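Take a look at the structure set out below.
Every read-out reported here was derived from the displayed coordinates using simple, explicitly stated rules and does not represent laboratory data. Nothing here was measured: the structure is a model prediction, and the numbers come from that model. With ideal geometry, Cβ positions are generated from the backbone for all residues, glycine too; neighbour counts draw on all protein chains shown.
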Amino acid sequence: MPSWIQQSASRGILTSRYPKDAAADEEVSPTGRPPLPVAGVASLPAARDSCPVGAISDTAVDQGKCIRCARCVAAGLTFTGPVEAATRSRDDLLRISSGPVPSPAAPPPLARLGRSLHLFLVDVGSCNACNLEVLALANPYYDVQRLGLFFTNSPRHADVLLVVGVPTPEMAEPLRRAYEALPGPKAVVAVGACPISGGAFAGAPGLVPGLAEIVPVDVFVPGCPPSPTAILDAILKLNGRDRAARGGP
Ligand code: SF4
Ligand code: SF4
């Protein structure tokens, strides 16, 4: 028997069992940056001036703006949040710095589609890091096909538009057309700080301040970049199969 077959057999199955089981440590922070600065909220006023993107106010960290640069750590904040950081409203990205956000009363937008969702990825101007984290979902470790999730090359075959990067006015019309090409019911996921708020580029000339100004956004995934597990949680929120809906913590 070839040695590589013996090695594979001796390792056993390495595919993640998320969301059935909680995320393993390596799923929470593959980029070396834990997901959310939630502890140290009392230090917010002191940390405010350290933030290069204006994400910190006296009462909250705006996770939709935070680019995980960790400058606020020296001022007393610590990254200790859960991997499931995606929210279904932009406002909730300000609330999660002080505790878990209650589940929305509205049903998941794609619950009618059942288990299987087809995903179409659009890059409107990313640094490529969010792209890589999204595409990691198709590798054997995350293996999202086991959850009924499939990438497709055409918006006409998709249920979900995953958008990465900072939207520009030039990309607004192609993005709108891609959205209109999806058959309904459909949903949009903003992946990373760039499409949510402009991220590191917020306030720069020639940018649209947020994806929600172009197409309706159903789920916001904070991070720069978010981990594949955080993105997976966001997608599963669309059909109500995420860990919280399964009764996980
Ligand atoms: S980690 Fe986030 S909140 Fe802290 S300074 Fe950087 S951008 Fe601001
Ligand atoms: S959110 Fe961060 S990692 Fe993602 S595309 Fe923007 S700059 Fe890159």
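Going by a ≥ b ≥ c, the root eigenvalues of the Cα gyration tensor, does the range 194-234 fall in the rounded group (a/c under 1.5), the prolate group (a/b larger than b/c) or the oblate group? The shape class here is oblate.
Both the radius of gyration and Dmax for the range 76-137 are 15.2, 44 Å, in that order, over alpha-carbon atoms. Each listed q (0.17, 0.21, 0.22, 0.28 Å⁻¹) maps to a log10 I(q)/I(0) for the range 1-71 from the Debye sum over equal C-alpha point scatterers, namely -0.74, -0.93, -0.97, -1.19.
Two decimals is fine: what is log10 I(q)/I(0) at q = 0.16, 0.20, 0.21 Å⁻¹ for the range 1-135, from a Debye sum with one equal scatterer on every Cα and no solvent? Values returned for q = 0.16, 0.20, 0.21 Å⁻¹ are -1.02, -1.31, -1.37.
Mind giving me the FRET efficiency for residue 106 and residue 74? R0 is 35 Å, r the Cβ-Cβ distance, nearest 0.05 is fine.
On the way: r = 40 Å, r/R0 = 1.14.
The calculated FRET efficiency here is 0.30.
With a Förster radius of 25 Å applied to the C-beta separation of residue 90 and residue 41, the computed FRET efficiency comes to 0.80.
Grab the DSSP H runs of the chain that are 4 residues or longer, score each as -39,500 (n - 2.57), total them, divide by all residues and round the 222 nm result to the nearest 500 deg cm²/dmol. Don't jump to the answer; show the numbers that get you there.
Values: 8 runs with 57 residues, N = 249.
Computed ellipticity for the chain at 222 nm equals -6000 deg cm²/dmol.
Normalising the Debye intensity of the chain to I(0), with uniform scatterers on Cα atoms only, and taking log10 at q = 0.12, 0.16 Å⁻¹ returns -0.68, -1.15.
Peptides 165-171, 61-67 ranked from most to least packed by the mean count of surrounding Cβ atoms within 10 Å: 61-67, 165-171.
Projected label points at residue 168 and residue 59, each 7 Å from Cα along the beta carbon direction, are separated by 3.7 nanometres. With both labels modelled 7 Å from their Cα along Cα-to-Cβ, the residue 143 to residue 115 distance reads 1.5 nm.
Express in nm, to one decimal, how much length is gained between residue 213 and residue 4 on full extension, taking 0.36 nm for each residue of separation and deducting their alpha carbon distance. List each step's numbers first, then the result.
Numbers: separation 209, 0.36 × 209 = 75.24 nm, distance 5.09 nm.
Length gained, residue 213 through residue 4: 70.2 nm.
Taking 7 Å steps out from each Cα toward its Cβ at residue 129 and residue 153 produces label points 3.0 nm apart.
Per-peptide packing, taken as the mean over residues of other Cβ atoms within 10 Å, places 39-46, 213-220 in the sequence 213-220, 39-46 from highest down.
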